[in-house]
Amino acid sequence: MRRWNGWGDESFNMALPDSAGDFLQHLLGSASPLTDATLDAVISQVPATKMPISEHFSTELLTTDPEQRVRHARGQSLPDWLAMRSGDFSVFPDAVAFPENSVQVAQLLQFAKSHDIEVIPYGGGTSVAGHITPKPSQRPVLTVSMMKMNQLLDLNTDSQIATFGAGTPGPMVESQLRAKGYTLGHFPQSFELSTLGGWVASRSSGQQSLRYGRIEQLFAGGEVETFAGTMDIPTFPASSAGPDIRELILGSEGRFGILTEVKVRVSRLAEKEDFFVTFFPNWEAAKSFCRDAAQQRIGLSMLRVSNAVETQTQLKLAGHESAIAWLERYLALRGCGESKCMLTFGITGSKAQYRATSKQIAKLSRQFNGISTGTLLGNKWRLKRFTLPYLREALWLKGYAIDTLETATDWQNVNLLQDKVEAALRDGLNDENEPVHVFTHLSHVYSQGCSLYTSYLYRCGPDYSSTFKRWQKLKAAASKVLVDNHGTISHQHGVGKDHAPYLAVEKGEQGMAVIESLCEHFDPEHQLNPGTLVDTHWLDSNERDK
Ligand SMILES: Cc1cc2nc3c(=O)[nH]c(=O)nc-3n(C[C@H](O)[C@H](O)[C@H](O)COP(=O)(O)OP(=O)(O)OC[C@H]3O[C@@H](n4cnc5c(N)ncnc54)[C@H](O)[C@@H]3O)c2cc1C
């Protein structure tokens, strides 16, 4: 069963090796875990629902059950996590709906329209930017879970277009396609729980985007239920017929309507795939390798390089102390010492593509003094690629909080932005004399630039409120650095409520006016996911409710 107050399946835990505990204590000081609330205690606080009764809806379709309201109240951002662990949710949806088809979605929207109900489309609830957290409101809030719309509805093998229910989660997308010899190839780290509709609505990026593309390239069209009726987005291989409506839905974050059917461009399963790890002597060599691999269009399927601190942290958290010590001695002898950076990459394709890419990569790697460890560590990464999110639970139980942020920028700006973001986080709790452990990797490479993904770990405060305030300070400092230094506020996690205050810096006055006018068009009463993407409407409605 899914954890109600954290990540993933409650039967799966990831233990930290003893050496990792010592490492963290050395970096951050000893820590004590905060006390978790129980599910029963949280359920007992759920207030009476404001949802009007409708005899048209069965309790399978729309429920006001307090446990469901708890389970759909929060996503997976650190503030969400702190709310779930402390039990201090502050707001719950008034009801949760589980439609099975687009007709029911349309009925729910009509019901919401005629009763002035706010609606939050909910995919897998894996948002890390506050997308699906209800804002305080006088109006009833209905969260619409798409989990029952999870089937492959059609596969056109001529055009390689698959049609899915928008609530299909990653494992069901892949298992249904693989049974027919196809793959979507979209593997965000949240793959276990996130859904096709959520990927489209928040413009996500999968680990193998180098081969398969981001969701923007994979999303071909589909169906959206809106307050004004059904919107069909036709699938064309390409079109010059004016602005692309498909692009409007990408990143719409539930503000324009509810995606019910998603059509995606799929690929035949590759003949051969392997993952590899190579070490480079320093960041400059590793970064240059990545830039050249992207600009030479070498056919890798994924690429990710950790900076020296992330490399060291990963090796420490991996356990297997004696094997790692042996590896580090070997690498040091070959010129990869303290400042070494670990590159993980994947080669996926036909046997001929695999051979050709392997040769190109070996040549480029030699140019930058890379030391290959073959597939040994790379294929281990493949096995654990979706279990890493369980690490947050393990760290939490030791008294540490972890969060991440990500951006993208041009190659010439990578070092500057990385240094500034890391410094803002590292020094972010200086006023409390608290250290913050910060590390970054580069991934999702493009000819123009790449994404930077930074993780930061800090000690929980003596209580929930101080732990949250620490996060607020760190998040605000790093977000400001991003937007002030030519970094996007998000490369893949989206805007949600947490990034909404920073969006205008990136989009500019005219850009914001266009986005707001689209919200106005689709949702004149500001009922669809208010506060997400643009927060002005939420401020309006809050003012109105006072
Ligand atoms: C551990 C972890 C790892 C992650 N790794 C990645 C990663 O590698 N790459 C990446 O891109 N992201 C990642 N994320 C972020 C998150 O998984 C993505 O943003 C994902 O796309 C959200 O999908 P979801 O189905 O969970 O959507 P939700 O979180 O449920 O919703 C996200 C937004 O989409 C809207 N929405 C959802 N479904 C629909 C629909 N059918 N119609 C209209 N709107 C809808 C919601 O209203 C909301 O605004 C990660 C998150 C976690 C917790």
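None of the figures in this text is laboratory data; all of them are computed from the coordinates on show. Just so we're clear, the structure is a prediction, and the values are computed from it rather than from any experiment. Counting neighbours? That spans all protein chains shown, and the Cβs are built from the backbone with ideal geometry, glycine included.
For segment 146-280, evaluate the Debye formula with one uniform point scatterer on each Cα (no solvent term) and list log10 I(q)/I(0) at q = 0.08, 0.10, 0.16 Å⁻¹, rounded to two decimals.
Result of the Debye calculation: -0.20, -0.32, -0.78.
In percent, what relative contact order does segment 368-514 have, based on Cα pairs under 8 Å that are 6 or more apart in sequence?
Once normalised by length, the contact order is 25 percent.
Based on the Kirkwood radius over alpha-carbon pairs, what is the Stokes-Einstein translational diffusion coefficient of segment 288-443 at 25 °C with 0.890 mPa s viscosity, in µm²/s?
Once the numbers are plugged in, D ends up at 139 µm²/s.
Give me the percent relative contact order of the chain, please, defined on Cα pairs under 8 angstrom at least 6 residues apart.
Worked out over the chain, it gives 17 percent.
Project the alpha carbons of segment 35-127 onto their principal axes and report the range along each, largest first, in whole Å.
Each principal axis gives a Cα extent; for segment 35-127 these are 43, 26, 22 Å.
Please state the charge dipole magnitude for the chain, taken about the Cα centre, from unit charges on C-beta atoms (+1 on K and R, -1 on D and E), reported in debye and rounded to the nearest 20.
Charge dipole of the chain: 2100 debye, to the nearest 20.
Size of the dipole of segment 128-230 about the Cα centre, Lys and Arg at +1 and Asp and Glu at -1 on the beta carbon, nothing else charged, in debye to 20?
So the dipole magnitude of segment 128-230 works out to roughly 280 debye.
Within straight cross-link reach of K363, meaning Cα distance under 17 Å, which lysines are found once same-chain residues fewer than 8 apart are removed?
Of all the lysines, those that pass the test against K363 - Cα under 17 Å, at least 8 places apart if same chain - are K287.
Using the Kirkwood radius over Cα pairs, work out the Stokes-Einstein diffusion coefficient for segment 397-439 at 25 °C and 0.890 mPa s, in µm²/s as a whole number.
Diffusion coefficient, whole number: 205 µm²/s.
Any chance you could give the angle, 0 to 90 degrees and rounded to 10, that helix 308-317 forms with the longest Cα principal axis of the chain?
80
Please work out the C-alpha center-to-center distance from segment 394-434 to segment 1-23 and express it in whole Å.
Centre-to-centre distance over Cα atoms comes out at 22 Å.
How large are Rg and Dmax for the chain when only the alpha carbon atoms are used, in Å?
Considering the chain through its Cα atoms, Rg and Dmax are 23.3, 74 Å.
Compute the convex hull volume of the Cα atoms of segment 368-459, divide it by the residue count, and report the result per residue in Å³ as a whole number.
Roughly 139 Å³ of hull volume per residue.
Kindly give Rg over Rh for segment 242-337, based on alpha-carbon atoms, with the Kirkwood expression for the hydrodynamic radius.
1.15
Among the lysines, select those whose C-alpha is under 21 Å from the C-alpha of K398, and discard any that sit fewer than 8 residues away in the same chain.
Output for K398: K316, K469.
Based only on Cα atoms, what Rg/Rh ratio does segment 410-466 have, Rh being taken as Kirkwood's radius?
Value, to two decimals: 1.11.
Once the other residues with Cβ under 13 Å from the Cβ of D154 are scored (Lys, Arg +1; Asp, Glu -1), what is the net sum?
-1
How much mean residue ellipticity at 222 nm does the chain get from its helices, if each DSSP H run of length 4 or more adds -39500 (n - 2.57) and you divide by all residues, to the nearest 500 deg cm²/dmol?
For the chain, the value works out to -11500 deg cm²/dmol.
How about segment 451-531: which trypsin sites (Lys or Arg not before Pro) there lie in a loop by DSSP and see at most 15 other Cβ atoms within 10 Å?
Listed in order of number, the matching sites amount to none.
Looking at L218, F236, G251, which one has the Cα that reaches farthest to the positive end of the dipole of segment 205-258 (charges on Cβ: Lys, Arg +1; Asp, Glu -1)?
Highest projection toward the positive end goes to L218.
If you project the alpha carbons of segment 373-521 onto the principal axes, what extent comes out on each, in Å, largest first?
46, 45, 32
Run through all the Cα pairs of segment 59-100 and give the fraction in each 10 Å bin from 0, expressed as whole percent.
30, 47, 21, 2
Working from Cα positions, state the angle (0 to 90°, nearest 10) between the long axis of helix 321-333 and the longest principal axis of the chain.
That helix lies at roughly 60 degrees to the long axis.
Might you report the magnitude of the Cβ-based charge dipole of segment 376-445 about its Cα centre, with Lys and Arg at +1 and Asp and Glu at -1, to the nearest 20 debye?
660
Please give every one of the lysines within straight-line cross-link reach of K135, meaning a C-alpha to C-alpha distance under 16 Å, and leave out same-chain neighbours fewer than 8 residues apart.
In chain and number order, the partners are K50, K497, K546.
Starting from the eigenvalues of the Cα gyration tensor, five times each then square-rooted, give me the equivalent ellipsoid semi-axes of segment 1-51, largest first, whole Å.
In descending order the semi-axes read 33, 16, 8 Å.
Could the peptides 139-148, 362-371, 257-266, 224-233 be put in order, highest first, of the mean number of other beta-carbon atoms found within 10 Å of their residues?
Order by mean packing, descending: 257-266, 139-148, 224-233, 362-371.
What is the helix-to-structure angle for 503-522, meaning the angle in degrees between its Cα long axis and the longest Cα principal axis of the chain, kept from 0 to 90 and rounded to the nearest 10?
30
For Q295, what is the net charge nearby, where nearby means another residue's Cβ is under 14 Å from its Cβ and Lys, Arg count +1, Asp, Glu -1?
+1
How far is the Cα center of segment 233-250 from the Cα center of segment 477-524, in Å?
22
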